[in-house]
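The values are calculated or read from the model by the stated rules, or taken from the named source; none is laboratory data. Just so we're clear, the structure is a prediction, and the values are computed from it rather than from any experiment. Virtual Cβ from ideal backbone geometry, glycine too; neighbours counted across all protein chains shown.
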Amino acid sequence: MSTTSTMPSAASADTHSPFYAHLSRLRFIKRWGLMRNAVEEDVAQHSWDVAVLAHALAVISRDVFGTSVDPNAVATRALFHDATEAITGDLPTPVKYSPAMRHATQNLEGEVCDEMLSLLPAALIPSLRSVMDHHEWPEHEARLVKAADRLAAWLKCCAELRYGNREFEQAIKQVKSKIDETMTPELRYFLDHFAPAFDLTLDSLMQGE
């Protein structure tokens with residue numbers, strides 16, 4: 001896939017930039033495209049979910065485990081973690097992480113990130129690169145965002161199974177296995193203290209059960 005021919009080159013301060021217009025279209029890009037969904041999920045919704053969860057994990061990291069992480073920075077990076085999908089679309093996990101596609105996908109995401117950043121006025125590029133380019137992220141923040149991304153996927157699978165959709169039976173096993181392999185203290189804390197409430201009905205939530 002080539003993006004060079006479909007996107008204009010660098011923006012200047014006196015031209016119109018389509019950067020944020022591209023981001024606004026994330027709401028049209030569906031996730032879990034190879035599977036039947038009881039409730040459809042788009043990339044914009046997923047990005048918001050991951051940002052909220054990453055912020056939570058960062059607050060836990062700072063306030064419970066005493067790290068010096070900035071939850072606002074983590075949340076912002078999480079909000080932009082799939083920004084390149086405004087151009088590439090969502091690549092389903094079996095495709096994205098197959099041995100044959102992993103390297104090509106990583107290169108594609110990097111190239112698209114550079115192309116999207118080139119749409120910005122030059123003065124804005126450094127700030128946006130720091131949140132869009134995964135290579136710019138501090139290691140601990142990157143781990144928190146990845147943990148939040150997997151947590152969001154697991155919660156999505158749990159919800160689909162509650163709706164009676166057996167399509168996600170294998171997916172939830174795969175996601176949970178990856179979570180267990182990469183478990184962090186922050187994620188363990190969230191799973192123990194917050195995750196059980198996601199199984200409650202609205203009435204139960206309102207009653208504080």
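Summary table below
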quantity	calculated
All positions within the range 5-64 that are in a helix (DSSP H, G or I), among the hydroxyl-bearing types (Ser, Thr, Tyr) and either at pLDDT below 95 or over 30 Å from residue 192 (Cβ atoms) (or both)	20, 24
Residue that is farthest from residue 200 (Cα to Cα) [pool: residues in the range 159-179 that are in contact (Cβ under 8 Å) with a residue 40 or more places away in the chain and acidic (Asp, Glu)]	167
Filter result (of a type in the set (Phe, Trp, Tyr) and surrounded by 21 or more Cβ atoms within 10 Å (Cβ to Cβ)) within the range 34-68	none
Of all residues making up the range 117-129, the number that are surrounded by 15 or more Cβ atoms within 10 Å (Cβ to Cβ) and closer than 15 Å to residue 77 by Cβ	3
Search result, residues across the range 65-82 that are free of Cβ contacts under 8 Å to residues at least 60 places away in the same chain, part of a loop (DSSP other than H, G, I, E, B) and hydroxyl-bearing (Ser, Thr, Tyr)	68
Residues that are over 20 Å from the mean Cα position of the chain (by Cα) and surrounded by 11 or more Cβ atoms within 10 Å (Cβ to Cβ), drawn from the range 164-184	165, 167, 169, 170
